[in-house]
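Every number in this text was worked out from the coordinates using simple rules, so none of it is lab data. All values reported here derive from a predicted model rather than from experimental measurement. Methodologically, a virtual Cβ is constructed for each residue, glycine included, from the backbone with ideal geometry; neighbour enumeration extends over all protein chains shown.
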Amino acid sequence: MMNILFIPLDERPCNSDFPKLITSAKKDIKLISPDKYILGDKKTPGQVSKLWDFVFENAKECSYAVLSIDMLIYGGLIPSRLHHLTKDEAEGYIKNLRRIKEINPNIKVYAFNCIMRSPQYNSSEEEPDYYADYGYNLFRSKYLIDKRLRAGINKIEEEELESIKIPKEIVLDYESRREFNEYINIEVAKLLEDGTLDFLVIPQDDSSEYGYTAISQKIVLDFIKNKNLEFKSYIYPGADEVGSSLLARCLNDFLGRTVKIYAFYSSTFGPNIIPLYEDRPMNESLKYHVRVCGGELIDNSSEADLILAINSPGKYMQEASDQILDIDLTYTSYRNLLDFVYKIESYIKSGKMVILSDSAFANGGDLTLINYLDRLGVLSKLTAYAGWNTNCNTLGTVLSSGMYSLRSNGGSQIKHLIYRIVEDVLYQAKIRQEVINEYLPKNDISYYDFKDKQKDVENIIRDLLLEEYNKLNISKVCKLNINSIITPWKRMFEIGMDIDVNFND
């Protein structure tokens with residue numbers, strides 16, 4: 001039995017529940033994680049002092065620890081963008097990290113700490129209140145300033161930059177918090193030097209080629225390079241998948257193995273496409289994600305432990321909600337989806353374990369791809385699937401799930417597969433938009449405000465998902481019951497589910 005101490009990024013299912021579902025495939029691994037009630041609720045920080053008590057109480061009995069620094073210092077991902085902490089307070093938390101190995105010198109500590117994001121829109125839903133009015137301008141002004149410095153901007157962009165007006169006190173508040181978070185990233189990275197931490201991931205949430213996140217990335221990256229810490233600390237796009245990725249790293253380190261991955265794409269341009277909300281080509285992110293999980297990419301499929309099928313856009317990435325009525329022509333002309341699914345079928349028939357990273361669209365799976373796989377009768381034979389939020393969220397989830405599924409409990413693997421198909425494809429790509437367009441307006445409620453109808457919304461989502469799932473051929477071999485639906489943070493963006501799956505091969 002191996003115990004892993006796990007502190008998630010926040011209380012949402014993607015951070016607190018997905019890792020449990022993934023690791024449940026291994027019966028000899030116990031994930032020790034705090035109750036959700038102390039993890040906070042959106043903008044309400046988690047109970048940091050109780051979380052540290054939990055860490056200290058359980059560290060002695062664990063072989064590994066996977067720790068979200070954002071949770072242990074700020075009380076979660078959203079609070080990390082809203083806090084008013086001082087450096088004196090931060091020093092106390094750094095001392096707490098050092099104490100872990102005083103309690104258990106043999107524990108391996110893998111940590112992750114996000115680079116603060118800079119969304120490209122006006123909304124205070126997950127940001128400070130002033131982001132509702134100045135969010136886009138904050139992003140755009142720094143984007144243009146950074147681009148002017150590094151690559152140059154044209155006359156139109158120069159005029160745009162001059163036209164942007166933001167109150168000085170808002171810029172000061174925003175930039176002082178970013179500066180503090182950069183300070184924390186560097187202070188935590190220093191812990192790699194003396195072995196307090198064994199490995200550190202610094203993911204970029206909603207990143208961009210220029211602007212605040214790119215500048216923060218360079219500051220932290222320069223420190224890591226100057227201290228020769230590149231082999232112990234990775235910086236790449238992602239956030240909500242990192243906990244699962246590091247849990248895969250724990251497993252592979254414990255077993256003393258490096259999982260061999262053979263990857264192929266659905267489109268010629270796929271490896272070089274820069275996905276929405278990310279700052280680099282898909283193939284560059286792939287290299288980091290495979291390494292973080294404890295794997296390596298190889299060029300020979302016959303020697304691979306896992307075949308990674310990557311469903312990429314043809315030329316440009318769109319939102320999943322666009323695929324029904326407004327799909328770009330290049331999804332057909334620059335991508336051969338039939339050939340892609342035939343290759344998946346061929347690998348499965350040859351006895352290979354195939355995991356599918358469905359990154360053709362942002363924020364949801366590819367309806368046509370799932371339709372094709374379902375009609376071929378191979379959907380239920382996938383080892384793992386993911387297709388949610390960003391390309392890197394998807395990639396980290398499917399890699400960790402695949403690695404835990406190697407020589408593991410088939411029941412848990414099937415349950416996670418069906419969970420992902422239902423949420424990523426049926427909900428995110430289809431049902432979510434239907435409920436937004438039809439149900440919400442009729443009941444005088446909105447995307448972020450269900451009023452007193454939250455349970456009604458969850459019930460309608462449940463009914464529509466079951467109806468849609470039962471149209472698939474996979475429903476005949478994988479009987480699904482959705483016991484309950486939850487809407488984290490009382491919004492439409494994602495759901496949590498309690499499901500039962502009865503598999504009849």
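Observations on the structure shown:
- Comparing the chain with the 2.2 N^0.38 Å rule of thumb, its C-alpha radius of gyration ratio is 0.95 (two decimals).
- Sum of -39500 (n - 2.57) over DSSP H runs of 4+, divided by residues of the chain (222 nm, nearest 500): -12500 deg cm²/dmol
- Distance-filtered residues of region 443-485 - backbone nitrogen under 17 Å, label point 7 angstrom along residue 504 Cα→Cβ: 470-482
- Amide H to amide H, with H built 1.01 Å from N, residue 39 comes under 5 Å of 47, counting only residues 5 or more places away or on other chains.
- Antiparallel content of DSSP bridges confined to the chain, in %, to 5: 20
- Dmax and Rg, reported as Rg then Dmax, of region 272-357 (C-alpha, Å): 14.6, 41
- Cleavage-rule hits, chymotrypsin sites (Phe, Trp or Tyr not before Pro), region 207-256, DSSP coil, Cβ neighbours within 10 Å at most 12: 231
- Relative to one another, the C-alpha centroids of region 267-335 and region 105-161 are positioned 24 Å apart.
- Loop chymotrypsin sites (Phe, Trp or Tyr not before Pro), region 306-371 (other Cβ atoms within 10 Å of the site Cβ: 16 or fewer; DSSP): 316
- Label-to-label distance for residue 483 and residue 60 is 3.4 nm, based on points extended 7 Å past Cα in the beta-carbon direction.
- When only alpha carbons are used to place a centre, region 170-241 and region 426-505 end up 36 Å from one another.
- Working note: Cα gyration tensor of region 182-223, eigenvalues times five, square-rooted, sorted largest first, giving semi-axes of 22, 10, 7 Å.
- Amide hydrogen neighbours beyond the local backbone of residue 30, cut-off 5 Å, H modeled: 2, 3, 4
- Applying the Karplus relation 6.51 cos²θ - 1.76 cosθ + 1.60 with θ = phi - 60° to region 69-83 yields 3J(HN,Hα) values of 5, 4, 6, 7, 10, 9, x, x, 5, 5, x, 5, 9, 10, 5 Hz, where x marks Gly and Pro.
- In order along region 31-44, the phi-based Karplus estimate (6.51 cos²θ - 1.76 cosθ + 1.60, θ = phi - 60°) of 3J(HN,Hα) comes to 8, 9, 9, x, 4, 5, 5, 9, 8, x, 8, 6, 7, 7 Hz; Gly and Pro are listed as x.
- Taking only the Cα atoms of region 257-408, the ratio Rg/Rh comes out at 0.94, with Rh defined as the Kirkwood radius.
- Neighbours of residue 315 by Cβ distance under 12 Å: Lys/Arg scored +1, Asp/Glu scored -1, total 0.
- When region 1-89 is reduced to its Cα atoms, the Kirkwood hydrodynamic radius in Å: 13.4
- Most positive-pole-ward Cα, 448, 469, 231, against dipole of the chain from beta carbon charges: 231
- The listed peptides 285-292, 400-407, 323-330, ordered by packing as a protection proxy, come out as 400-407, 285-292, 323-330 (highest mean of other Cβ atoms within 10 Å first).
- Percent breakdown of C-alpha pair distances by 5 Å bin, ordered from the shortest bin, for region 112-246: 2, 10, 18, 20, 19, 13, 9, 6, 2, 1, 0
- Amide H within-cut-off set for residue 385, under 5 Å, with H built and near neighbours excluded: 356
- Each Lys or Arg adds one and each Asp or Glu subtracts one; over the other residues with Cβ under 12 Å from the Cβ of residue 353, this totals +3.
- Only Lys, Arg, Asp and Glu carry charge here, each on its Cβ (+1 for the first two, -1 for the last two); on that basis region 257-408 has a dipole of about 600 debye about its Cα centre.
- Net charge, residue 240 excluded, C-beta distance under 9 Å - Lys, Arg +1, Asp, Glu -1: -2
- Pairs with C-alpha atoms separated by more than 27 Å, drawn from the list 108/190; 36/260; 36/218, are 36/260; 36/218.
- Each residue in 416, 84 was given a count of other beta-carbon atoms within 10 angstrom of its own, and listing them fewest first yields 84, 416.
- Per-residue ³J(HN,Hα) for region 486-496, Karplus 6.51 cos²θ - 1.76 cosθ + 1.60, θ = phi - 60°, Hz, x for Gly and Pro: 10, 10, x, 6, 6, 8, 8, 4, 9, 10, x
- Listed by number, the DSSP H helices of the chain that run 30 Å or longer by alpha-carbon position along their axis and have mean Kyte hydropathy of at least -1.0 are 168-190.
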